[in-house]
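Asker: Below you will find the structure I want to go over with you.
Values in this text are rule-based calculations from the coordinates and carry no lab data. Just so we're clear, the structure is a prediction, and the values are computed from it rather than from any experiment. In this analysis, Cβ positions are derived from the backbone assuming ideal geometry, glycine residues included, and neighbour counts consider all displayed protein chains.
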């Protein structure tokens, strides 16, 4: 299903019903991920990334 199809065919009542259904019967890929203990990747903040890059460029030396 394309984004345009979803936008035209799914309204708020249907979306709410789908979300309620998924609370008790999640999609297979989510169930499998939970079974294997997989979690969402941690998002890295831009500031932390910049500090890490600067430390790498400086050769790990502080100051």
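Asker: Taking residue 16 as meeting all but one of (1) more than 17 Å from the chain's Cα centre (by Cα); (2) surrounded by 10 or more Cβ atoms within 10 Å (Cβ to Cβ); (3) in a loop (DSSP other than H, G, I, E, B), write down the number of the exception.
Answerer: Here residue 16 meets the rest and fails (3).
Asker: Within the stretch 19-51, which residues are more than 16 Å from the chain's Cα centre (by Cα) and outside any helix (DSSP H, G or I)?
Answerer: Answer for the stretch 19-51, where residues must be more than 16 Å from the chain's Cα centre (by Cα) and outside any helix (DSSP H, G or I): 25, 36.
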